[in-house]
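Below: one structure, written as structure tokens.
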Amino acid sequence: MPARIVSVDMTKRMIVVAGNIGAGKTSLTERLGECMGWQMAFESVADNPYLADFYADMHHWSFHLQIFFLGHRAQQYLDLHSSPNSAILDRSIYEDAHIFARALHNLGNLTERDYLAYRRVFDLIVSRLPPPDLLIYLKAPVDILMERIRRRARDIETGITSEYLSLLESFYDDWMQMYDVCPVLTIRTDDLDFVHITRHLNIVVQRIQDKLAGKEEVIFPENG
């Protein structure tokens, strides 16, 4: 476990981590939570009652799965927002609609009727959520994402293809161009090992603190 980094800024913060599958969201959430003393929140997988049915029949269960994720993330976010402690969330609620529901619709697994119904509910919920203080957007090339997915060998990820990751990446590009809910810190993770190299983690922490303080740093590392 990395040593905790003590910050003089005691302001409560809500941080969300976004990015494609394999970009490093969970790893960064865990490291930042540990070293900054922030509460951590992760995606609901083990207790998700729809995942098995979804993977067996995506066309039938996509709407149910997206509604479950939407309700879970909204409740998770509100619970953490009401806590006095700073928190960091692995994946943002915004990706549910702008990336994954859109992909399900694009691939024919979510009908136009269900997609529009889902988006109405999504828009209503997020319009009433307090904005986060910062969105950390992690990026890496698709070939590196595929290699990371292969190495971690999760059963639910065995069907992921480079074409699917490229589709998601195009949706992330669209979303980032229009996202204006809170400041964004974009981090390239292909040459950044914040899991095993403390210096890299410390640099990320400094970039986050700078961004929260209002300093502009669009992409890190610049030459990544």
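The values are calculated or read from the model by the stated rules, or taken from the named source; none is laboratory data. In this text the structure is predicted, and so the values were computed from the model without any measurement. Note that we place each Cβ from the backbone using ideal geometry, even for glycine, and neighbour counts take in every protein chain shown.
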Pairs where the first residue, in region 103-123, is farther than 15 Å from His60 by Cα and in a helix (DSSP H, G or I) and the second is of a type in the set (Gly, Ala, Ser) and at pLDDT 95 or above, C-beta under 7 Å, 6+ apart: Arg119/Ala97; Phe122/Ala97
Failed item in (1) under 19 Å from Thr161 (Cα atoms); (2) free of Cβ contacts under 8 Å to residues at least 60 places away in the same chain; (3) not hydroxyl-bearing (Ser, Thr, Tyr), with Phe69 passing the rest: (1)
Residues of region 173-195 classified as part of a loop (DSSP other than H, G, I, E, B) and within 13 Å of Asn20 (Cα to Cα), total: 2
Failed item, numbered, when Ser27 is tested on (1) within 21 Å of His81 (Cα to Cα); (2) at pLDDT below 95; (3) of a type in the set (Ser, Thr, Tyr): (1)
Test set (1) touching a strand residue (DSSP E or B) at 6+ places or on another chain (Cβ under 7 Å); (2) over 30 Å from Gly37 (Cα atoms); (3) of a type in the set (Asp, Glu) - Asp90 fails condition number: (2)
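Out of region 73-86, which residues are surrounded by 17 or more Cβ atoms within 10 Å (Cβ to Cβ) and part of a helix (DSSP H, G or I)? It would help to see each step written out before you state the result.
As a first pass, look at region 73-86 and keep what is surrounded by 17 or more Cβ atoms within 10 Å (Cβ to Cβ): 73-74, 76-77, 80, 86.
Passing the criteria: Arg73, Ala74, Gln76, Tyr77, Leu80.
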Of all residues in region 29-54 being exposed (fewer than 15 other Cβ atoms within 10 Å of the Cβ) and more than 19 Å from the chain's Cα centre (by Cα), the one that is nearest to Ile156 (Cα to Cα): Ala52
